[in-house]
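The values are calculated or read from the model by the stated rules, or taken from the named source; none is laboratory data. These figures come from a predicted structure and were not determined experimentally. As a convention, Cβ positions derive from the backbone with ideal geometry for all residues, glycine included, and neighbour counts pool all protein chains shown. The accessibility values were calculated without ligands, DNA or RNA, using every heavy atom of the protein model including side chains. Shrake-Rupley method; radii C 1.70, N 1.55, O 1.52, S 1.80 Å.
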Amino acid sequence: MQTPLISILTPFKNTEVYLSECLNSILNQTYTNWELLIIDDHSTDNSFQLVKEFASKDTRIKLFKNNGKGIISALKLAFKNSSGEFITRMDSDDIMMPNKLEILANNLTQYGKKHVAVGLVEYFSKYGVGEGYKSYETWLNNLTKTGSNYDEIYKECVIPSPCWMIHREDLIACDAFNPNIYPEDYNLTFRFYKHQFKCIPCNTIIHKWRDYSTRTSRTHIHYAQNHFTTLKVHHYLDIDYNKTKIPVIWGAGTKGKLMAKLFLEQNIPFEWICDNPNKIGKDIYGKKLLNFNALKNITNPQSLVTVANKEAQKDIKKYLTSLNLKPIKDYIFFC
């Protein structure tokens with residue numbers, strides 16, 4: 001039985017120290033009908049030469065140099081030169097488990113188009129994985145086990161950039177990698193969500209995610225928190241904003257203020273509530289902050305919770321549930 005060709009899109013920049021391990025993990029896949037479109041994004045170390053040596057020994061590895069600059073430009077070039085029926089990504093500093101491609105491809109074949117195959121991830125680091133990343137890993141994997149990734153899409157990226165697979169025509173349908181919007185993995189996840197591509201549940205760890213101090217998601221301005229909040233608001237207004245409802249921002253911290261500012265810039269009417277006694281009743285950006293109890297008096301509200309404290313989030317969810325309000329339709333957690 002002929003298996004679909006999988007195109008693996010992989011940008012790299014100065015990851016020489018990790019590339020051999022990454023490439024060997026791809027070469028050792030149980031699923032062998034793949035092509036690797038690997039793009040050098042202006043490396044200044046020996047990364048290009050290293051990949052060139054691998055490519056000289058296996059014609060499935062196709063090496064290019066990025067004509068533009070940055071991950072999105074590299075991904076566009078990789079996709080342009082790809083031929084696979086199935087498309088996936090890989091980060092040049094990570095490791096595939098031997099059955100990763102097989103599991104993703106089998107799931108995608110079974111469920112068909114308009115689905116996204118995903119899998120469990122595991123962080124690793126020679127310095128030890130921090131509690132924040134462990135918490136994110138647990139949260140993400142719990143969603144993936146049930147395929148309910150979109151349920152909490154406004155909190156954080158719910159489909160990791162190097163751990164998805166999709167039909168080629170579905171990726172084209174959501175106009176992947178256009179325009180240049182960062183963080184690109186989170187933006188792509190929202191595109192999958194908007195097009196209602198369902199996530200396929202998976203209970204297997206298939207990807208090992210390397211953490212280290214100089215990785216792009218830790219250091220590049222494109223992955224700063226203000227970019228995440230701006231992206232969330234953009235997609236909320238495009239996908240889940242209901243003009244018959246009144247958006248109600250919960251919290252007046254950094255994220256709440258940025259959200260309010262974005263709403264004001266676009267002339268979107270909203271209400272603003274918080275639990276800080278020093279802020280209640282005061283104006284920020286000309287908008288009066290109300291007490292939480294004011295929600296009962298707001299007609300047809302849609303709560304947008306930017307409160308970061310986990311215990312406070314539990315109390316807020318309990319309160320919203322007591323009012324018979326429903327997730328997404330009536331309230332969204334942005335933290």
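The helices (runs of 4 or more DSSP H) found wholly in region 1-120 and carrying at least 1 residues that are within 23 Å of Lys208 (Cβ to Cβ) and within 19 Å of the chain's Cα centre (by Cα) occupy 71-80, 100-111. The single condition among (1) within 18 Å of Trp34 (Cα to Cα); (2) touching a residue at least 60 places away in the same chain (Cβ under 8 Å); (3) open to solvent by 40 Å² or more (accessible area, probe 1.4 Å) that Lys100 does not satisfy is (3). Exactly one residue out of Asn66, Asn141, Asn106 is of a type in the set (S, T, N, Q), closer than 30 Å to Val307 by Cβ and in contact with a strand residue (DSSP E or B) (Cβ under 9 Å, 6 or more places away or on another chain): that is Asn141. Entry remark, region 166-177: residues being open to solvent by 10 Å² or more (accessible area, probe 1.4 Å) and in contact (Cβ under 8 Å) with a residue 24 or more places away in the chain number 5 in total. Going by what's in this entry, would Lys114 be described as of a type in the set (D, E, K, R), at pLDDT 95 or above and on the phi < 0 side of the Ramachandran plot? Criteria not met by Lys114.
Note on region 117-149: residues that are touching a Ser or Thr at 6+ places or on another chain (Cβ under 9 Å), at pLDDT 95 or above and surrounded by fewer than 16 Cβ atoms within 10 Å (Cβ to Cβ) total 1.
For beta carbons closer than 6 Å, sequence separation of 6+ or different chains, a first residue in region 269-297 that is at positive phi and a second that is of a type in the set (Lys, Arg), there are no qualifying pairs.
Each residue in region 7-17 was checked for being in contact with an Asp or Glu (Cβ under 8 Å, 6 or more places away or on another chain) and either open to solvent by less than 50 Å² (accessible area, probe 1.4 Å) or at pLDDT below 95 (or both), and 6 pass. Among the residues making up region 308-321, those that are open to solvent by less than 80 Å² (accessible area, probe 1.4 Å) and more than 13 Å from Val248 (Cβ to Cβ) are Ala308, Ala312, Gln313, Thr321.
Residues in region 216-229 that are modelled with pLDDT of 55 or more and open to solvent by less than 60 Å² (accessible area, probe 1.4 Å): His227, Phe228, Thr229.
For region 58-70, the set of residues classified as under 16 Å from Asn33 (Cα atoms) and among the basic types (Lys, Arg) consists of Arg60, Lys62, listed by residue number. Report whether or not Lys326 is without any contact (Cβ under 8 Å) to a residue 12 or more places away in the chain, surrounded by fewer than 20 Cβ atoms within 10 Å (Cβ to Cβ) and farther than 18 Å from Ile268 by Cα. For Lys326, the condition - without any contact (Cβ under 8 Å) to a residue 12 or more places away in the chain, surrounded by fewer than 20 Cβ atoms within 10 Å (Cβ to Cβ) and farther than 18 Å from Ile268 by Cα - is met.
If you go through region 121-149 and keep only what is of a type outside the set (Asp, Glu), over 18 Å from the mean Cα position of the chain (by Cα) and outside any loop (DSSP other than H, G, I, E, B), you end up with just Phe124. When the residues of region 294-335 are narrowed to those that are part of a helix (DSSP H, G or I) and farther than 30 Å from Trp139 by Cβ, which ends up farthest from the chain's Cα centre (by Cα)? By that ranking, first place goes to Asn297.
Residues in region 275-307 that are at pLDDT 90 or above, touching a helix residue (DSSP H, G or I) at 6+ places or on another chain (Cβ under 9 Å) and open to solvent by 60 Å² or more (accessible area, probe 1.4 Å): how many? The number of residues fulfilling the criteria is 2. Among the residues of region 37-55, just one is surrounded by fewer than 24 Cβ atoms within 10 Å (Cβ to Cβ), of a type in the set (A, V, I, L, M) and closer than 30 Å to Thr109 by Cβ, namely Ala55. The residue that is modelled with the highest pLDDT, among those in region 150-182 that are part of a loop (DSSP other than H, G, I, E, B) and of a type in the set (Ser, Thr, Tyr), is Tyr154. The conditions of being open to solvent by less than 20 Å² (accessible area, probe 1.4 Å) and of a type in the set (A, V, I, L, M) are met by Ile26. Among the residues making up region 258-274, those that are open to solvent by 50 Å² or more (accessible area, probe 1.4 Å) and part of a helix (DSSP H, G or I) are Lys261, Leu264, Glu265.
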